[in-house]
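**Q** Please read through the structure below; I'll follow up with questions.
The values are calculated or read from the model by the stated rules, or taken from the named source; none is laboratory data. Note that this is a predicted model, so its numbers are computed, not measured. Note that we place each Cβ from the backbone using ideal geometry, even for glycine, and neighbour counts take in every protein chain shown.
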Amino acid sequence: MINVITFDLDDTLWAIAPVIEKANQRMLEWMNDHTPKFSQAYDHHGINQLRDEVIADNPHLQHDLSQIRVTLIRLGLSRCGYDAADALAQQAFDVYFSGRNDVELFAGAQTQISSLKQKYQIGALTNGNADLAQVGIDHLFDFYFNSAQLGVSKPHPDFFARALTHTGLKAEAFIHIGDHPEHDIAGAQACGMRTIWMNPEDRPWPAGQPKACEEIQHLDQLGAAVENINGH
């Protein structure tokens, strides 16, 4: 019997690429105005080099996207001679993070989750750093775990095991919905969860990989997919 429905977030409940592009643009515009020496010193390639350096020097941050970004901005600002690098880096990140949470939910997302919440516990399991309160959907979820909190990322079994521990239920009581064949579907199936593949672009399934229990192209199909699994 299914008791819990868990969701990936990025590219499952909203498209992430345009969100990140917009958030980066907002941050860079703010930095052009407030920290122009950074903008002059670091182009897109230079920022990626800073990110690689931060991850190499701080392996404990590898799963914490927010701290990686704050740290790379602070490092770049310090090298540009800004004395208030700590405060400026946090301000720049706050501008970015506001944009990162300014998402456009896929059609049917709130309606479907609200409907499922009447019968199931609802959780979010994400490798990203979205803030459900800033997105405006925290009221739809009973629990939320991300890779920064757990120190591991999907498809690591410890990530999914945390959801089991939190609920006190076995994997057979879960359905996990996500867009990524490896991180979401293979990871969840490896720990015994049932799965639904969110595939809005109608991509082919990777050859040689066990398929998800159900596949949907849009979230309006979610309720029926859950009932199909629950009926088996």
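**Q** Mind checking whether some residue in the range 62-69 is out of contact with any Lys or Arg (no Cβ under 9 Å at 6 or more places or on another chain) and among the basic types (Lys, Arg)?
**A** No: the range 62-69 contains no residue that is out of contact with any Lys or Arg (no Cβ under 9 Å at 6 or more places or on another chain) and among the basic types (Lys, Arg).
**Q** Quick check on Asp131: is it acidic (Asp, Glu) and either without any contact (Cβ under 8 Å) to a residue 12 or more places away in the chain or touching a strand residue (DSSP E or B) at 6+ places or on another chain (Cβ under 7 Å) (or both)? Spell out the reasoning first.
**A** Values: acidic (Asp, Glu): yes; either without any contact (Cβ under 8 Å) to a residue 12 or more places away in the chain or touching a strand residue (DSSP E or B) at 6+ places or on another chain (Cβ under 7 Å) (or both): no.
In short, no.
**Q** Moving on. Between a first residue in the range 159-177 that is under 18 Å from His63 (Cβ atoms) and a second residue that is hydroxyl-bearing (Ser, Thr, Tyr), which pairs have beta carbons less than 9 Å apart while being 6 or more apart in sequence or on different chains?
**A** Pairs found: Phe159/Ser147; Phe159/Ser153; Phe160/Thr6; Ala163/Thr6.
**Q** Just to verify a result, which residue in the range 40-86, among those that are more than 19 Å from the chain's Cα centre (by Cα) and not in a helix (DSSP H, G or I), is surrounded by the most Cβ atoms within 10 Å (Cβ to Cβ)?
**A** Tyr42
**Q** Examine the range 156-165 for a residue that is touching a strand residue (DSSP E or B) at 6+ places or on another chain (Cβ under 7 Å), closer than 16 Å to Leu13 by Cα, assigned to a helix (DSSP H, G or I) and modelled with pLDDT of 95 or more, and state whether such a residue exists.
**A** Looking through the range 156-165, none of the residues is touching a strand residue (DSSP E or B) at 6+ places or on another chain (Cβ under 7 Å), closer than 16 Å to Leu13 by Cα, assigned to a helix (DSSP H, G or I) and modelled with pLDDT of 95 or more.
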